[in-house]
Amino acid sequence: MRSPRPFAPRLAALLASAGLVGSCASLDAPRPAVDLLIAGGSVINGTGVGPQRSDIGIIRDRISFVGDAARARLVAKRTIDASGLIVAPGLIDPHTHSAEDLSAPDASRRAVLNHLMQGVTTVFVGNDGGGDMRQFETLAGRGGTGVNVATFVGFGPVRREVMGDSARAPDAAELGRMRQIVARGMCAGALGFSTGLYYAPQSFAKTPEVTALAAEAASRSGVYESHLRDEGSDNIGLEAAVDEALAIGRSAGLPVHIAHIKALGVDVHGRAPAIIAKIAAARQAGLRVTADQYPWTASGTRISSALVPRWAMEGGRAELRNRLADPALRTRLRADMADNLRRRGGADTLLIIGGKHEGRRLDAVAREWNVDPLTAATRILNEEGDAPIASFNMIAADIEAFARQPWVVASSDAVDGHPRKFGSFALRWQQFVRERKILTPAEFVHRSSGLTASVFGLEGRGSLLVGNFADIAVIDPARFVAKATYDDPTALAEGVQTVVVNGQVAVEAGKPTGTLAGRPLRKPRSSNMACPA
């Protein structure tokens, strides 16, 4: 992510010495050499244009040649045959929860094969307002990662550091401290400011507070990335939540990116066209608005987040337990939880994906215990603290409507226990390109690489152009499929034959090599960026 300008003179000299000043050398020139040649593939370069038969040459960590290697009389130290395969930029996943994997002591875990085996070479962490710059520094200090990693500065850690789990508004001093933390995070290389306004304690913040913090990212060329305050009808409603995100972007003066866009729950099924129209109008009026999306019909969350009303979350988990046990609050709390369960479509739509009841639906647990589903959920919260769930609350028509939009990029929202961690990009190709033909191959690649790089300012990544970093995925278009399911969520995707990360081969012949070539990506400071001491 560092600006390629300082590298340009060195690259020019490197290419000149190798005889690769242009994309195709003269027939009379010396025979140039590259470290790695990916030959004979159908290149989709990430800019949105269709496939073209071409060869890709790499010197060190950069793309040094794109063209006809035979005509250029190119000599390669090593050649990978990509005949019959698609050669694409390494895919970019802008929404993951992979920070723990990427910062683990175990190198095999840091390889993040769930991402690599789908052709993903760059991931973002710190989404949903979870970005902790101290964790990012720990991650960056480990002995290598399988993919490149960038982060956001997150509202959750910022607010909790200053105000704990309080539901009140900040005073002037507290707001000033939060602004300073966001500014420091941006100066440390964050992509932008991320919020998860659906989740406590972020949900306690009013719009002006969020706008003030987003302005710190805006003044440092950041993006406002947000899990909306409501993706269905839990509190202010989906359309009002979109309006809030757009208003924050306008007031703070920065681009808006909506995380994992969806219409969640029975009350908003079929509302995708209305949301699309709202965003299209904002874009036409000059606001930069984008979104990301995963292709699964089930979201991933926790029992507390799905069923417990936000007012009951003030003070954290200990206070929630007290409220659950308080007879004076029981009627109100149960009524609100019942309405949330209705919005989700009932207890049979909630699949527990971790803990003691993994693999079972909430209604099945309730039957075993001979209680109603709300009592079962309350018992899990009291006795086990919480439980992760897959919530089947979206319909195909809404998912496809969002997928068709040119401003929606691919993502995974990778979390443990949900197949989206291991199969989102493969399933997107499988369903939207090969089966339903919603996207062309060039559109799929562009919205999984080049467009994402452009939205978040990743310089030198996302497209197969001379001078860019050599992040490359070689994919068998007929065999690229997701193998992960809700019953087997950790099955690796198939069909990716080769993955190159910063010029090093991380997957070869469909098998990981164990190479950890990923890098922490920090947004570079501009010369006039104001940074706290």
Accessible area of region 218-288 with a 1.4 Å probe: how many percent of it is carbon plus sulfur? 49
Placing each pseudo-label 7 Å from Cα in the direction of the beta carbon, residue 319 and residue 437 end up separated by a distance in nanometres of 5.6
Using only Cα atoms and rounding to the nearest 10 degrees, what angle (0 to 90) does helix 327-344 make with the longest principal axis of the chain? 40
Leaving ligands, DNA and RNA out of it, report the carbon-plus-sulfur percent of the accessible area of region 86-173 at a 1.4 Å probe. 51
Roughly how many Å² is the accessible area per residue of the chain, as a whole number, for a 1.4 Å probe? 37
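Count the net charge of all other residues whose Cβ sits under 10 Å from the Cβ of residue 188, scoring Lys and Arg as +1 and Asp and Glu as -1.
Result for the neighbourhood of residue 188: +4.
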Expressed in nm to one decimal, what extension gain is obtained for the pair residue 77 and residue 219 from 0.36 nm per residue of sequence separation less their Cα-Cα distance? 46.5 nm
Classify the chain as rounded, prolate or oblate, taking a ≥ b ≥ c as the square roots of the eigenvalues of its Cα gyration tensor: rounded when a/c is under 1.5, otherwise prolate if a/b is larger than b/c and oblate if not. prolate
Between residue 243 and residue 478, the two model label points (7 Å from Cα along the beta-carbon direction) sit apart by a distance in nm of 5.3
When the helices in the chain are scored as -39500 (n - 2.57) per DSSP H run of 4 or longer and the sum is shared across all residues, what 222 nm value do you end up with, to the nearest 500 deg cm²/dmol? -9500 deg cm²/dmol
Show the residues, 5+ positions off or on another chain, whose built amide H is closer than 5 Å to the amide H of residue 190. 523
Here the net charge surrounding residue 39, from other residues whose Cβ is less than 9 Å away from its Cβ (Lys, Arg +1; Asp, Glu -1), is -2
Please give the contour-minus-distance gain from residue 167 to residue 490: 0.36 nm per residue of separation, less the Cα-Cα distance, rounded to one decimal in nm. 112.5 nm
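Using the Cβ atoms and a cut-off under 12 Å, what net charge is assigned to the surroundings of residue 384, where Lys and Arg are +1 and Asp and Glu are -1?
On the way: positive: 302, 317, 321, 356, 379; negative: 358, 383, 386.
Every neighbour counted, the sum reads +2.
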I'd like the Karplus ³J(HN,Hα) series for region 176-192: coefficients 6.51, -1.76, 1.60, θ = phi - 60°, whole numbers in Hz, and an x wherever there's a Gly or Pro. x, 5, 5, 4, 5, 5, 4, 4, 4, x, 5, 5, 7, x, 5, 6, x
Highest first, please rank the peptides 389-397, 233-241, 450-458, 256-264 by the mean number of other Cβ atoms sitting within 10 Å of their residues. 256-264, 450-458, 389-397, 233-241
Of the DSSP beta bridges with both residues in the chain, give the percent that are antiparallel, rounding to the nearest 5. 55
In nm, to one decimal, how far is the residue 106 label point from the residue 416 one, both placed 7 Å along Cα→Cβ? 1.0
What part of the accessible area of region 327-453, given as a whole %, is carbon or sulfur when the probe is 1.4 angstrom? 51
Cα centroid of region 86-147 to Cα centroid of region 175-225, whole Å: 22
What's the extension gain from residue 326 to residue 360 if we count 0.36 nm per residue and subtract their Cα-Cα distance? 9.4 nm
Using per-residue counts of other Cβ atoms within 10 Å, averaged over each peptide, order 484-492, 417-425 from highest down. 417-425, 484-492
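The values are calculated or read from the model by the stated rules, or taken from the named source; none is laboratory data. The structure displayed is predicted, hence computed values, not measured ones. So basically every Cβ, Gly included, is an ideal-geometry build from the backbone, and we count neighbours across all protein chains shown. Only protein heavy atoms, including side chains, enter the accessible area calculation; ligands, DNA and RNA are left aside. Shrake-Rupley method; radii C 1.70, N 1.55, O 1.52, S 1.80 Å.
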